[in-house]
Amino acid sequence: MTATVENNTPKAVETARSAGRFLFIAAVVLICAWVLVPIYLLMVNTLSSPQEVTGFPKTGIPSFDFSSIQFFISFAGVAKALWNSVLVAVLTMILSIGIGAPAGYALSRFDFPGKEAFRMLVVMTRAFPLPLLALPLAVLFIRSGLDDTAIGLAIVHTVLAIPFAVLITFSLFSGIPLELEEAAWTLGCNRWQAFQKVVLPLVLPGIAASAVFAFTISWNEVFAAAVLTIENRTLPAFLVQNLNVSPLHLKFAGGAAMVIPALIFIFAVRKYLFAMWGIANR
Amino acid sequence: MTPKALPYLLLLPATVFLLVFFVYPFIQIALLAVTGPEGFTLQHVQTMASHWKFNTALGWTILLAAVVVPIQLVMALSMASIVTRLQTGRSAILYIFSIPLGLSDLAAGIVWLAIFEQSGFLNSMLYGLGVVEQPILFLGYQNIWVIFLAVVLAEIWRATAIVMVILVSGMGLIPKEYYEAGEVFGASAWQRFIKITLPMLRPSLQSALILRTLAAFEVFAVVTALGGTTLPVLMGETFQWQFTLQDRNVASAYALVILAISIAATLFFLRVLRVPKGATL
């Protein structure tokens with residue numbers, strides 16, 4: 001990614017006459033380095049042997065030794081934690097879109113008494129430290145047999161993801177003119193058919209992006225996962241529970257296992273990031 | 001099915017879900033914190049407040065937010081201004097700037113651990129430059145301010161992106177005509193930023209600051225990864241009471257404290273950055 005910046009530099013320098021232009025480019029390069037170098041260093045540690053990870057001084061160049069990664073993958077509990085993470089994140093994705101998208105559609109298409117109250121409820125969720133929900137829900141889940149299950153944790157993660165799912169789908173549906181739906185109605189479609197044949201294909205990429213966003217929220221969540229799971233730990237819960245007993249190379253490989261999917265997710269939804277947050281301001 | 005019922009039907013799942021798993025649990029937290037076997041009691045709150053770690057945890061949490069959030073605000077404003085002025089490579093640079101958005105606080109803690117640990121890259125660099133003769137134990141209990149600094153850096157590194165994204169989308173909503181008018185009247189770039197961008201950006205600033213400050217009060221995994229329990233924070237103490245000490249009443253009392261400072265911060269930003277009615281875009 002830095003390569004893009006460097007490729008642009010010569011052309012930009014040609015046109016740059018002022019020191020201001022130079023400072024501007026320097027700032028861009030500097031911020032890119034600020035973001036990328038720490039990730040690079042984590043990858044160097046991940047791609048080094050356990051001896052190199054604890055060795056000193058470090059060169060900052062990876063030796064492409066995969067024994068740290070092998071150690072991580074074969075470490076007791078890691079494979080299961082990875083599987084649990086994926087499972088919880090997929091459930092969160094399904095729940096938050098399944099529950100959030102109809103609400104987003106209703107908010108964008110109808111005016112009805114109580115609309116403002118619902119909006120307040122959604123906005124309110126953002127003014128509360130949501131991971132704390134895990135404390136009382138731990139009691140509720142033990143009573144209802146949901147403790148230490150993927151679905152129990154997915155429910156908490158859905159509370160975290162639902163405000164975003166509602167706001168994003170609201171903005172997506174608002175972007176589709178009502179006239180399109182009305183045209184389908186006059187051509188003999190009922191409401192559901194019109195939605196399915198006209199609106200759905202148009203919003204599907206955006207829905208997919210907000211699903212990925214819900215996945216990321218669940219994938220990254222630490223506190224509720226650590227409180228609510230014991231046997232069925234997700235990867236972040238597993239790592240945070242074992243932080244003070246695990247060797248350095250396990251921590252770094254675990255960190256990389258969390259970072260790499262995140263890089264891909266953000267790349268996948270990059271077009272929608274601003275649509276999501278633009279709406280959040282209203 | 002009458003058309004009038006349709007919107008309510010569509011909202012029903014979300015409303016029920018939020019009432020059961022959001023509103024009810026928060027009432028439950030409050031009840032857990034102030035009730036014992038014999039009904040209402042302040043005993044849990046007293047246990048929490050008289051524990052020696054409570055004041056330090058509260059202090060560090062607030063100090064952390066007070067240091068991190070303003071720096072992030074300035075950085076995010078600069079990054080957003082840079083992005084809006086970019087002509088070439090905008091999407092690539094925007095992607096790089098927003099990468100940390102997808103990273104968890106635990107991952108950020110581990111990333112900065114690679115830099116700050118005793119055999120880490122900072123020590124390697126200092127050694128290579130001849131500044132130190134042997135690696136320093138940066139993250140030991142005797143260096144609590146270094147741990148604090150590492151947490152501050154990790155938090156700024158990870159969570160500035162979210163503020164930037166909110167501000168970039170906010171800047172996109174400011175009509176170009178305002179800037180053109182400003183230029184016609186001879187306003188410098190800096191004056192345009194102070195007199196047009198900042199006031200027009202108020203709703204976005206409000207959202208971003210509320211979101212960020214609340215997340216800063218919830219700091220947990222990053223601190224655990226970098227300093228274990230050496231640097232106590234509220235969320236870490238909540239976790240300790242819930243898990244190690246198995247006392248969910250005191251844990252709930254801690255949760256109430258986090259809730260209280262979060263609500264205080266939200267009201268503060270709503271008031272300070274309030275948007276006059278009819279002035280929204």
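Can you spot a residue in the range A:76-84 that is outside any loop (DSSP other than H, G, I, E, B) and closer than 29 Å to A:L167 by Cα? Yes, the range A:76-84 contains at least one residue that is outside any loop (DSSP other than H, G, I, E, B) and closer than 29 Å to A:L167 by Cα.
The criterion of being in a helix (DSSP H, G or I), touching a residue at least 24 places away in the same chain (Cβ under 8 Å), facing chain A (nearest Cβ under 8 Å) and more than 29 Å from A:L133 (Cβ to Cβ) holds for B:L94.
Restricting to the range A:227-247, count the residues that are of a type in the set (A, V, I, L, M) and within 7 Å of chain B (Cβ to nearest Cβ). Reasoning before the result, please.
The first filter runs over the range A:227-247 and keeps only residues of a type in the set (A, V, I, L, M), leaving A:227-228, A:230, A:235, A:237, A:239-240, A:243, A:245.
Okay, now just the ones that are also within 7 Å of chain B (Cβ to nearest Cβ), so A:227, A:239-240, A:243.
The qualifying residues number 4.
In summary, helices (runs of 4 or more DSSP H) completely within the range A:154-236 and bearing 2 or more residues that are free of Cβ contacts under 8 Å to residues at least 12 places away in the same chain occur at A:178-186, A:191-194, A:200-220.
You will find that of A:V53, A:V88, A:V44, the residue that is in the same structural domain as A:V259 (by TED's automatic domain parsing) and crowded, with 19+ Cβ neighbours inside 10 Å is A:V88 and no other.
Among residues that are surrounded by fewer than 19 Cβ atoms within 10 Å (Cβ to Cβ), in contact (Cβ under 8 Å) with a residue 24 or more places away in the chain and of a type outside the set (D, E, K, R), B:I71 is included.
Quick grid of which residues meet (1) in contact (Cβ under 8 Å) with a residue 12 or more places away in the chain; (2) touching a Leu at 6+ places or on another chain (Cβ under 8 Å); (3) facing chain B (nearest Cβ under 7 Å):
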{"residue": "A:I97", "(1), (2), (3)": "yes, no, no"}
{"residue": "A:Y105", "(1), (2), (3)": "yes, yes, yes"}
{"residue": "A:A117", "(1), (2), (3)": "no, no, no"}
{"residue": "A:F128", "(1), (2), (3)": "no, yes, yes"}
{"residue": "A:D148", "(1), (2), (3)": "yes, yes, no"}
{"residue": "A:G152", "(1), (2), (3)": "yes, yes, no"}
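Checking the stated criteria, B:F17 turns out to be at pLDDT 90 or above and surrounded by 14 or more Cβ atoms within 10 Å (Cβ to Cβ).
Restricting attention to the range A:99-133, the residues that are crowded, with 23+ Cβ neighbours inside 10 Å and not in a helix (DSSP H, G or I) add up to 0.
Put simply, of B:L267, B:L226, B:L231 the only residue that is buried (at least 22 other Cβ atoms within 10 Å of the Cβ), under 25 Å from B:L73 (Cα atoms) and within 11 Å of chain A (Cβ to nearest Cβ) is B:L226. In the set (1) closer than 30 Å to B:F148 by Cα; (2) among the hydroxyl-bearing types (S, T, Y); (3) not in a helix (DSSP H, G or I), B:T88 fails one condition alone, (1). When each of A:F173, A:F164, A:F215, A:F141 is tested for being modelled with pLDDT of 90 or more, in the same structural domain as A:G100 (by TED's automatic domain parsing) and aromatic (F, W, Y), the lone residue that passes is A:F215. For the range A:23-36, the set of residues classified as loosely packed, with under 15 Cβ neighbours inside 10 Å and without any contact (Cβ under 8 Å) to a residue 12 or more places away in the chain consists of A:L23, A:A26, A:A27, A:L30, listed by residue number.
What about B:I147, is it farther than 25 Å from A:V28 by Cβ, at pLDDT 85 or above, β-branched (V, I, T) and in contact with a Ser or Thr (Cβ under 9 Å, 6 or more places away or on another chain)? Here the answer is yes, as B:I147 does meet what is asked. Among the candidates B:V168, B:V184, B:V146, B:V163, the residue that is within 30 Å of A:A214 (Cα to Cα), more than 7 Å from chain A (Cβ to nearest Cβ) and β-branched (V, I, T) is uniquely B:V163.
The values are calculated or read from the model by the stated rules, or taken from the named source; none is laboratory data. Values in this document were obtained by computation on a predicted structure and should not be read as measured data. Cβ sites come from the backbone with ideal geometry, for glycine too, and all protein chains shown count toward neighbours.
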